[in-house]
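A short worksheet on the structure shown next.
The values are calculated or read from the model by the stated rules, or taken from the named source; none is laboratory data. Just so it is clear, the structure is predicted and the values come from calculations on it, not from any experiment. Here Cβ is always computed from backbone atoms with ideal geometry, including for glycine, and neighbour counts include all displayed protein chains.
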Amino acid sequence: MENKITTGTAIGKIILIGEHAVVYGQPALAIPFPETRIKTIISRKRGPVMLDCFFYKGLLLNAPERLLGLTTIIKEIVNGFDKELKDFSIRIESSIPPERGMGSSAAVAVATVRALYDFFDQPLTDQDLFKWSNISEKIVHGNPSGIDTAIIIGETPLYYIKGKPFVPFPFKLDAFLIVADTGELGQTQAAVASVEKLMDTDPEKGEDIIKQLGFLTKNAKVSIESNDGEKLGETMSKAHSLLDKLGVSNEILNLLVSVAVENGALGAKLTGGGRGGCMIALAATQQEAISISNKLLCNGAKNTWIYNMGVDLL
Ligand code: MEV
């Protein structure tokens, strides 16, 4: 049996503003987060398909429910190629903390689809990638807007509106972004479902918050275009208050947002699905970013990253 190995990679993402509202047709701004990555390695190996990843090691067919998005697309892709689901193994290496709002589920899907198409010598288009990742995301999140997949495939900052062509967003801001991991697993599916419930039970409140979030995203775009970090920071903090009202924040996220603002951040908010996961804060200088990052680590953050938004996103 010929020894064959293919790999696929994908980066993480950070939603700057607009999460949750983007599910309901409002815009969102997201940036790639190349500090974190997924790598899927597929190797020829006789026997049933084995999976080795953060959550599970064993037979693909016995993988737990939480991996259903991934295992479903693997089976469907192989079936679509008219191949047998056997004689290869899949290993997934990740530096994206799982379930932290950094897009790990979409990145795992994208990296794995890339490796799988390569393994079976099939040409892969961005449309295929988008389709498969969104099938997986639908199983994982219930009602995805598609933003995670779009940013992870595009690897460029995006001003994203569900169902519209992606608009790459030239991004250069004289400011520093701190990303802090609460260490708590985010609950995107539960958070998305709770917003959906609010939209059903109290549509006036739900729609009002979603509309205000959309308005803030449009403001954020203008602030970035005019290189106004202070305005962007204010807008981020307002968005956090709205997300809290929407019920998708939690104690640790609120604490870290307050710590950042009390220690000189221009603004701060949760990022991604919420209820755990990560928060972001904006600082005017690198020195301030380092100091805020240290304060976040002293107050419960498990890890932080600092992004120079004037350079890293060009
Ligand atoms: C998750 O990264 C972002 C959400 O807006 C869900 C989605 O857009 O699919 C919470």
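A single entry from LYS231, LYS238 fulfils the requirement of being of a type outside the set (Val, Ile, Thr), over 30 Å from ASN143 (Cα atoms), in contact with a helix residue (DSSP H, G or I) (Cβ under 9 Å, 6 or more places away or on another chain) and away from the ligand (no atom under 16 Å from the Cβ): LYS231. Taken as a whole, segment 95-102 holds at least one residue that is outside the structural domain of LEU253 (by TED's automatic domain parsing) and more than 16 Å from the ligand (Cβ to nearest atom). With a requirement of 2 or more residues that are among the aliphatic types (A, V, I, L, M), the strands (runs of 3 or more DSSP E) lying completely within segment 9-111 that satisfy it span 28-48, 50-53, 86-94. Collect the residues in segment 131-155 that are closer than 19 Å to PHE81 by Cα and more than 13 Å from the ligand (Cβ to nearest atom), keeping them in residue-number order. Scanning segment 131-155 gives LYS131, TRP132, ILE135.
Among residues of segment 129-146 that are of a type in the set (D, E, K, R), those with a beta-carbon under 8 Å from a residue that is part of a helix (DSSP H, G or I) at least six positions away or on a different chain give the pairs GLU137/GLY69; GLU137/SER105; GLU137/ALA106; GLU137/ALA109; GLU137/ASP148; GLU137/THR149; LYS138/GLY69.
Screening segment 234-314 for strands (runs of 3 or more DSSP E) wholly inside it with 2 or more residues that are crowded, with 24+ Cβ neighbours inside 10 Å and of a type outside the set (A, V, I, L, M) returns the ranges 267-271. The set of residues in segment 158-178 that are at pLDDT 90 or above, surrounded by 16 or more Cβ atoms within 10 Å (Cβ to Cβ) and within 15 Å of the ligand (Cβ to nearest atom) comprises LEU158, TYR159, TYR160, ILE161, LYS162. Exactly one residue out of ILE41, ILE11, ILE73, ILE17 is crowded, with 21+ Cβ neighbours inside 10 Å, away from the ligand (no atom under 16 Å from the Cβ) and not polar (S, T, N, Q): that is ILE73. Against the conditions (1) touching an Asp or Glu at 6+ places or on another chain (Cβ under 9 Å); (2) of a type in the set (S, T, N, Q); (3) outside the structural domain of LEU282 (by TED's automatic domain parsing), SER136 satisfies every one except (1). Is it the case that ASP181 is acidic (Asp, Glu) and surrounded by 15 or more Cβ atoms within 10 Å (Cβ to Cβ)? Yes.
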